[in-house]
Structure formats: structure tokens, C-alpha cells
Amino acid sequence: VQLQASGGGLVQAGGSLRLSCAASGRTFSSMGWFRQAPGKEREFVAAISRSGGSTFYADSVKGRFTISRDNAKNTVYLQMTSLKPEDTAVYYCAADPYITAAQAQAMGVMLYWGQGTQVTVSS
């Protein structure tokens, strides 16, 4: 199983970025995004169910970020808008063949992880 994240970069506050994560090797019940800022623990950002019908977000990104997935491409996306300097972090995509998106949010962990992509928001 491989998860390949892309789309990070440097953006000014208020700007937008779209992250993509292409998965290979198998299909997944839930897919999601986590992030880790310097000096902080990894935190849950968003997760999506197999069908895409259920999505879950951290309070800090609700209303600004949108997670989606394309099962035909086995890819998950994170559209980030109204970015803030506090969104600066390494963003990791993740996927799990067994647990639901709700469980991923509750437990803060998934089985498979991508390599991370840096998002930097300047003020």
C-alpha cells in the first residue's frame, strides 16, 4: 500500500490550497488528513467515509476545509480556503481499510500513512 500526497506549498493568509493523496494497493473504508505543526503533536484534520457521504472535521478547520474522495482514482482531496498562519504544518494523508471515518476522528489514528506535504501560510 502506498499513499502519495501532493499539493502543499507557501500561500498568504486568506489564500487557498488543494491537497491530493493518491492511494494504491487496495481500497479503504475511510480516508483522511492529519497535520503536525512544529513542536506540536499530530492532530486530526478531516476524514471521509467510503461513499463520501459522511465527512468529519476538526473544529479548527470546519467551514474552511472540505474533504472529498474519488473512488475511481482511489484519491482523497483536501480543499483548504481562508488559510491562517496557524494552519502551517506538515499535512499527512491517511487511510484505513477497517475503521469508519467517525472512528478515525475519535481515535486519531489510521493504518496507512502518506509521506506528508508541507503547508506554510504567511501572515
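The values are calculated or read from the model by the stated rules, or taken from the named source; none is laboratory data. This is a predicted model, so every value here is computed, not measured. Ideal geometry is used to build each Cβ from the backbone, glycine not excepted, and the neighbour counts take in all protein chains shown. SASA here: full protein model, heavy atoms, side chains in, ligands and nucleic acids out. Shrake-Rupley method; radii C 1.70, N 1.55, O 1.52, S 1.80 Å.
Has the stretch 72-83 got any residue that is of a type in the set (Gly, Ala, Ser) and touching a residue at least 40 places away in the same chain (Cβ under 8 Å)?
The answer is yes; a qualifying residue exists.
Every residue in the stretch 48-103 that is of a type in the set (Gly, Ala, Ser), out of contact with any Gly (no Cβ under 8 Å at 6 or more places or on another chain) and outside any strand (DSSP E or B), please.
Passing the criteria: 49, 51, 52, 53, 54, 58, 60, 63, 72, 102.
Take the residues of the stretch 26-44 that are within 15 Å of residue 89 (Cβ to Cβ) and touching a helix residue (DSSP H, G or I) at 6+ places or on another chain (Cβ under 6 Å): which is most open to solvent (accessible area, probe 1.4 Å)?
44
Within the stretch 31-47, restricting attention to residues that are in a strand (DSSP E or B) and among the charged types (D, E, K, R), which residue is farthest from residue 103 (Cα to Cα)?
35
Is it the case that the stretch 11-25 has a residue that's open to solvent by 30 Å² or more (accessible area, probe 1.4 Å), at pLDDT 95 or above and of a type in the set (D, E, K, R)?
yes
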